[in-house]
Amino acid sequence: MVPVDYYIILSAILFTIGAMGVLIRRNPLIIFMSIELMLNAGNLAFVAFSNMYKSFNGQIFVFFVIAVAAAEVAVGLALIVEIFKTKKNINIDEMNSLKG
Amino acid sequence: MTSELIVFLVLSLVAIAAALGMVFSRNAVYSALFLVLNFTTVAVFYLLLGAPFIAMSQITVYAGAIMVLFLFVIMLLGVDSLAPSKSLPWQKPLAFSLAFILVVESVYLLISRAQPNMVVTAPDIAVNSMDNLREMAMTMFNQFLLPFEVTSVLLLVAMVGAIVLTNREKVGRK
Amino acid sequence: MHLSETVTSGFFFLAPWLVFAPLTGLLINLIFGKWFKFSEKMVGTVASLASGAAFVVSVLLAYSVSINHGEMVRWRLAEWIHVGTLQLDWTFRMDSLSTTMMLVVSGVGTLIHIYAIGYMHEDVRFKKEEGRFPRFFIFLNLFIAAMMILVSGDSYMMLFVGWEGVGLCSFLLIGFWYEMDTLARPSWANSNAAKKAFITNRVGDFGFLIAGFLMFWYLGSFQFDQVFEAAKSAPPEIIVAITLFMLVGVAGKSAQIPLYIWLPDAMAGPTPVSALIHAATMVTAGVYLVTRSAEIYTLVPQAQYIVAMVGAGTALFAATIAVGQYDIKKVLAYSTISQLGFMVAAVGMGAYVAGMFHLITHAFFKALLFLSAGSVILGMERGHHHLAHAHHESKPAKGKKSSKETHDDSHHDEIFDPGDMRNMGGLRKTMPVTFWLYIIGTLALAGIFPFAGFWSKDEILLDASLHFTSIYWQLTLAAFLTAFYMGRQIWMVFFGEPRHAAAAHAEESPKVMTVPLMVLAALSILGGALNLPFEGFHNLGHWLGYTLAEVESLPLDLKVAGISTVLALAAILTSWLLYGRNPLKAGQIDPLKRPLGFIFTGMENKWFVDEGYFAIIINPFKKLSQFLADVIDWQFWHDFVHDTVILGTYNWLSEIALDHYADQKGIDAFANWLGTATQSVSATLRKIQNGFVRSYALSVMLGVVLILGYLIFK
């Protein structure tokens, strides 16, 4: 019997680590992975609640999130490849042409 | 302390360690491998929570397909690590402190709002039977049929988009 | 009610083409003339064909009326105004009277169109404005259309539409050379003449409109037959008022005392205009109006008498002025006024057939005279031009013989008036065709047997001798003067020696001008046959009898005819004695001046009527306007009320109250503060926008943390 809080706290910690990864890394691939980590943390919470409420809806949501994540990764990685082809570099700090 | 709790704590530690390893590895390949470890751990959590279908999806799609895609790109670009940068010196300390505050805040929120009897139940054998899967399929294809179809379109669009993005020059040359 | 429902045979359905044929010509010239660069011949041909088409339609309509035994036929084209009891339609009225007018207007009009092709061709070149050629024919077509509306209208209002339309065309054509005077010097004289005609006609139209209002108020309609019917039971003083107000309109349009003053000035327009509008057609509209309203006029003999007196007075008065004029067209203009006086007197006496008869013959011979005068003027212009040209060519060759040259120079540099009879003389040798045509026109106008004018004028005189003796003597005297001034004109223009080098070199006009003149001359000779005073030959009287209630068919009275013929011959003899026996020398004063003294001075100066109008009406009016404008409007309203009172108050209010306190210290300061604040804030904030995605993510994170913190401490 694990309290559902534990899962949620774990989810929060994983989410925060992902967010931190987005903040501190300059490699867009790693940033992407961090985002995947954050999505996973959310998924974990969904499944935990699904279990708690004895409903499949949470799991189905997770299923959709996985599908969307797959789509996102496909497009995101294509973008990164394209950016690399253009700039020969993927340092995210150098993608600052929107500087005010 | 039950055995479930012990399993949970151990797996939690592995998951957190893998996540931290992913974030702090200097080498992108290591990061990816750490993430695979993290995803696998989360898949075990799913099994513990009585969601075997999601667990399998997690392993095949996330740990399998997506992470292989990541590794492909990392190796294709050959940018394992970046040179250290001097820009934004305050970024790291600020990020750490914000992350810390966020964790403290969310944990506090969860604990303060926690209600009794909110526990997850261990999976029994029935959970892994075909009935469970059938029931889930019924829900998905009845109640969530439209989102399911929209998701399929989304995947198609993503595929087309990825091809168009990476194939832009060839198209232009024609 | 509508006879067109019962009478269907004939060509009445063509009636709208009376108006639309000239309008089509107008539109073709107006729209396509420029696109396809119509040549002058093309423009003239289109316009003449359009007018000719109207003539053909008129002939067919007249034929249709005659086969229907003179029954009046209406052809309703469109609904115009239907308000309350006012029911006005655009209806064509075809009876013997209106078709007669249509024939005259379109027939003479077409001949003048053809003549104008030749005339305007040279006129625009002498005036050095060749681009204005098509405009003339557009206006001319417009005039024919408007005149057709006038004569074919079935109600006083439709007639008024045409009335105003021809007034407009008259204005446009008098002012055709609006930026010069009659001698082509830059001036506003011609446009002033146009304005004078227009404004004087406004006075007449005012009378016409009042008559119309009275008519609608008391008789309840504008439609001719309904008005005539209602007039029979209306109180006579109303009818007198209507007829006399209508007479004001007639005096304006047909140039009768006291509104005739515009017609002599209208000679500023090109000569075809003088012939068509100011002699043959438009000015006879007043006579037509009285004839059309015959049924009203016969109800009130007092009004008829006034009309007759006005006509007779005008006839005599204008004839005296014509004697003292030197401009060839001015003489004819006063002659026209005088002849219009004959017609008005005739219709005033109830001799409608005589009036209409004279209208028709006058249209023939006066158009002939005017157009011949135009030919003479152009001949003089040609001679003048020829001289100037020859002179310019010869100048370099004969450089040394400068004494004679300078003498000639003085001739050419002075302002040359081709219309002044004192410059002419001896033209019978240089312009023989024009000379003979002019003789025919003169004999017709003077009333010499057997020319057209003899028959028509005699009929009027005969009527007058039977009814009003005073009018008879006035008209007889006017007829004497007519023969005299026409004889004077002939001797001065065509006989003697040239008084100017240009006259010696005058050239005959081309065929395009002389052939229409020959047609008119034939009509002037034979026109009398329309209504010979013998039993069985009262064709016109019979024809108009379909329309007019009472028609007198008088037999020839040898006494009246004899007196007028003898007087006319005597007048011509007198003119020969004065001007023919001893032809005028260049610079010589008029031989009439010595015996007549101040009377001739009065004739020369048109009896100072224009000056009188200036003294009595125009100058006081100007002074009043000046006073109103200067003192009341400018000094009182503008300077005092506006500038001092209103503007001062407003300035005080805006400067002290609004500008200083509300605007500068309130709104302005706030707006400035807003601007500076936005600037400084944005200057600070833009530093945040550093382009690093990571720091943007940090902001998002910070936001999440803050929101969570808010949730915790809520």
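Which whole-number percent gives the relative contact order of the stretch C:24-148, counting Cα pairs below 8 Å spaced six or more residues apart? Present the calculation step by step, with values, prior to reporting the outcome.
Values: 139 pairs, mean separation 44.4, N = 125.
With pairs under 8 Å counted, the relative contact order is 36 percent.
What is the distance in Å between the Cα centroid of the stretch B:28-42 and that of the stretch C:228-280?
113 Å
Across the residues of B:139-149, average count of Cβ atoms on other protein chains within 10 Å?
Details: counts 5, 6, 0, 0, 3, 6, 0, 0, 5, 4, 0.
That average works out to 3.
Suppose a student asked you for the relative contact order of the stretch A:4-89, using Cα pairs under 8 Å spaced at least 6 residues apart; what percent would you report?
27 percent
How large is the direction-averaged shadow of the alpha-carbon convex hull of the stretch A:4-89, in nm²?
Details: hull surface 22.3 nm².
Over all viewing directions, the stretch A:4-89 projects a mean Cα-hull area of 5.6 nm².
With every protein chain present, what is the per residue accessible area of the protein assembly as shown (1.4 Å probe, Å²)? Before the final figure, lay out each step's value.
On the way: 44370 Å² over 988 residues.
On a per-residue basis, the protein assembly as shown sits at 45 Å².
For the stretch A:18-64 and the stretch C:566-594, write down the distance between their C-alpha centroids in whole Å.
128 Å
Tell me the relative contact order for chain C as a rounded percent, counting alpha carbon contacts under 8 Å between residues six or more apart. Before the final figure, lay out each step's value.
On the way: 1133 pairs, mean separation 80.9, N = 714.
The normalised contact order for chain C reaches 11 percent.
Each residue of the stretch C:276-281 in turn: what ³J(HN,Hα) in whole Hz from Karplus with 6.51, -1.76, 1.60 and θ = phi - 60°, glycine and Pro shown as x?
Those phi angles translate into 6, 8, 9, 9, 8, 10 Hz.
Can you give me the angle between helix A:57-87 and the longest principal axis of chain A, using Cα atoms only, in degrees from 0 to 90, rounded to the nearest 10?
10 degrees
For peptide B:19-27, how many partner chain Cβ atoms fall within 10 Å of a residue's Cβ, on average?
Numbers: counts 14, 5, 0, 9, 13, 6, 3, 1, 2.
Partner Cβ neighbours, averaged per residue: 6.
Could you give the Stokes-Einstein D for chain C in µm² per second, using the C-alpha Kirkwood radius, 10 °C, 1.306 mPa s?
Working: Rh = 28.7 Å.
The Stokes-Einstein estimate is 55 µm²/s.
Which distance in nm do the two modelled labels at C:Lys429 and C:Ile81 give, with both placed 7 Å along the Cα-to-Cβ direction?
6.3 nm
Using DSSP H assignments, which helices in chain C have an axial alpha-carbon span of 24 Å or above and a mean Kyte-Doolittle hydropathy of -0.5 or higher?
The qualifying helices are C:40-67, C:96-126, C:133-152, C:156-174, C:189-214, C:236-253, C:301-323, C:328-348, C:352-394, C:469-494, C:558-575, C:693-713.
Between the stretch C:449-474 and the stretch C:287-362, what's the alpha-carbon centroid distance in Å?
Their Cα centres are 12 Å away from one another.
Shape verdict for the stretch A:61-100, please, from the Cα gyration tensor: rounded (a/c under 1.5), prolate (a/b greater than b/c) or oblate. It would help to have the intermediate numbers written out before the result.
Numbers: a/c = 4.25, a/b = 2.13, b/c = 2.00.
Note, shape of the stretch A:61-100 comes out prolate.
Taking each residue of A:77-85 in turn, how many C-beta atoms of other protein chains fall within 10 Å of its C-beta, and what is the average?
On the way: counts 11, 11, 4, 6, 7, 6, 2, 5, 4.
So the per-residue partner count for this stretch is 6.
Determine which aspartates and glutamates satisfy two conditions relative to C:Lys232: a Cα distance under 14 Å, and not lying fewer than 8 residues away in the same chain.
Qualifying aspartates and glutamates at Cα under 14 Å: C:Glu295.
Project the alpha carbons of the protein assembly as shown onto their principal axes and report the range along each, largest first, in whole Å.
Projected onto the principal axes, the Cα atoms of the protein assembly as shown cover 159, 85, 70 Å.
Seen from all sides and averaged, what is the projected area of the convex hull of the Cα atoms in the stretch C:146-255, in nm²?
Working: hull surface 27.4 nm².
The orientation-averaged projected area of the Cα hull of the stretch C:146-255 comes to 6.8 nm².
Between A and B, buried accessible area summed over both sides at probe 1.4 Å, in Å² to the nearest 100? List each step's numbers first, then the result.
Numbers: alone 7420 and 14260 Å², together 14640 Å².
So the total buried area for this chain pair works out to about 7000 Å².
The values are calculated or read from the model by the stated rules, or taken from the named source; none is laboratory data. All values derive from a computational prediction rather than experimental measurement. Cβ coordinates were reconstructed from backbone atoms using ideal geometry, including for glycine residues, and neighbour counts include every protein chain displayed. Just the protein is used for accessible areas: all its heavy atoms, side chains included, with ligands, DNA and RNA removed. Shrake-Rupley method; radii C 1.70, N 1.55, O 1.52, S 1.80 Å.
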